[in-house]
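Heads up: the structure comes next, in C-alpha cells.
The values are calculated or read from the model by the stated rules, or taken from the named source; none is laboratory data. As the structure is a computational prediction, the values presented were derived from the model and not from experiment. Cβ coordinates were reconstructed from backbone atoms using ideal geometry, including for glycine residues, and neighbour counts include every protein chain displayed. Quick note on the areas: whole protein, heavy atoms, side chains included, nothing else; ligands and nucleic acids left out. Shrake-Rupley method; radii C 1.70, N 1.55, O 1.52, S 1.80 Å.
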Amino acid sequence: MGEIMVAFHASALDGVARNPALPTPLLLRLLAFDGGADGPPRHALQRAGLPEPAIAVILAHPDPGARTDFAMSGRAEPAQRARLVDDSAPEVRAALAYGPEYHERRTTVAPLPDHVCARLLDDPEASVRSALLDSPHLSASFVAALATHHDPAARRRAVTVWKTLTPGGRSALLADPDPGVRQAAATAECRRDARITAALLRDPDSAAEALRRGLLHRADAERWFAERTHLDALAENPSLPTDLVEQLAVDPDEAVRLAVSLRPELDEPQRMSIDFTVDALDRGNVEWVQDGLADPDVLRRAATSAHPLLRRAAAQSPHLPPDLLRLLVCTEDPLVEALLSMHHPDTPEEVLMRVYARLGGTFSAWMAETHPRFPREGLAARFADHPDGDHRRLAVRDPAATPALIERLSHDPTTWTRQAAAGDPRLPLHRLREALHTPELASSAGANPALPAYEMAAVLDRAGLSA
C-alpha cells in the first residue's frame, strides 16, 4: 500500500524535493525515506547547498541508488562527493569516478581532488577505473600525471593532454610497451614529425587521421592525392603543399572543396573564391577556431569572415569582444543566433527572444530562455494574451505580473503555461492548494516557494513518509 501511495503522490513529492524553501527537518525526512525500489527523490539528493546533517544521511543511506545520485550531483562540492570514495557498492564508486552526467550547461563542474581520483584509479573494480578514465571532469594536472601510470588505459588518457606533457613523458609514451598507447601517442606527435606520419599512413586504421593532422612528406601527399583516398582528410592537413591545396580547391568532390575553404592560412578572397555549400544546420566545428575560442586574433578572423561555418564557429566563444558580438548579431544566420544564446554571456535580449520565438520547445529555446539576459520586464503586457501558449508562459516571468494574471494562467489551455504559473509564488494560496492536487500541476506546485511548510509536510504524510 505504501508503494502505491508513493507512486500516486510522486509528482508532488518530486516538487517538494526541488522546493528552495524546503525546511531542513522535512528535507531530512525525504532523504531518510527508502522509497521501496525508488529511494528518495533525486532532486532532494542533488540540491545545492545541502546541510551537513543531510549529507550524513545520504552517505549512510541503505539504498545504493540514493548514494549514486549524490555521487553524480552537479551541485555538490567535490569534497562532499569524495566522501563516497570508500563506498561499499562498486556502482556508487563508479558514479563518483565519472561525475555529473547532467549539470548546468553554463557552469563548469569542479573536478574531484587529484588524490581521490588516484584512489579511484586503483580501485579493485574495473568498472570504477574505466568510469574515471572516461570522465570529462578530471583536472589537467591529474591527466598529465597518468603518463607514468601502470595501467595502459591510463597512459592512453594522458595522451589527450599531449601538449602539456614533458618531452621525456612524450618520448616514453611513443616507446610504450602497449601498442594502443604507442598508436595514440604517435597520432598526437605526428603533427610535427613526418617520419611518424609516414608510419601511421601504412596502417589503414590510422591513415585518415594521419592525413588530416600529420606532418607530410610531399611524396606521401602526392601519392594519396593521386589515389583519391581520404581526400577530405587530406584537404584539412596543415602541411599540405600550396599547389595541392589549389588543386583540391577545385576538386569535383563537394566535401573536399568545403574542407579546403576552411583552411586557416587562406585569406578572405581565396576562401570565398571556392565553390562550397554549407548546410543550414552545420554548426561549424572548425578545429583551428575551436582551439582558439579564447584567442582574439582567431576570433576576429573567423567572425569577420563571409564563410558561414567560420562565423558559426566563432559564435561558440564566450570571449567574443563587443564589436564582434555586434557583427555576428547582424549576420541574419539563425544558427549563429542560437549558438550565441548558448555560449555568450552578453547576447542581446532581442536575439534571445528571436531564438525563443523561432525554436520554442527545443533545447536551444530553453537555453535562450534560461540565459541571464533573457528579458523579464514587460512580458506580461506583450504576451499574456498571445495566441501561442509558449509565449503566454513568458508572462509569468514578468515581475509586474499580478496574482490575478498568474491565477488565470494557471488555468491556461497549454500545460507548460499552467505549470509555470503553478510554480510562481504570486499564485493565490487557494489555487496553489488546488494545483497541488492536480496531476499535471502537482510537481510545479510542490516546488512553489510560497507553499506553506505544513502543506509540504502534508505531501510527505500522504506519500507515506514517516515523521
query: Rounded to the nearest 0.05, what FRET efficiency do D34 and R202 have when you use their Cβ-Cβ distance and R0 = 51 Å?
result: 0.30
query: Taking a probe of 1.4 angstrom, what is the accessible area of W288 in Å², to the nearest 10?
result: 50 Å²
- prompt: Counting other Cβ atoms within 10 Å of each Cβ, which trypsin sites (Lys or Arg not before Pro) in segment 19-123 have at most 12 and sit in a DSSP loop?
  reply: R105
- prompt: What ranking of H43, H115, H319 comes out by heavy-atom accessible area, probe 1.4 Å, highest first?
  reply: H115, H319, H43
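How high is the relative contact order of the chain, in percent, counting Cα pairs under 8 Å that sit 6 or more residues apart? Intermediate results must be reported in sequence, preceding the final value.
Values: 721 pairs, mean separation 61.4, N = 467.
Across the chain, relative contact order equals 13 percent.
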field: For D390, solvent-accessible area (1.4 Å; no DNA, RNA or ligand), Å²
entry: 30 Å²
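So if we plug the beta-carbon distance of F363 and A175 into 1/(1 + (r/R0)^6) with R0 = 56 Å, what FRET efficiency do we get, rounded to 0.05? Before the final figure, lay out the partial values.
Working: r = 45 Å, r/R0 = 0.81.
Result of the calculation: an efficiency of 0.80.
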- prompt: Do the sum for the chain: with -39,500 (n - 2.57) for every DSSP H run of n ≥ 4, divided by all residues, what is the mean residue ellipticity at 222 nm, to the nearest 500 deg cm²/dmol?
  reply: -14500 deg cm²/dmol
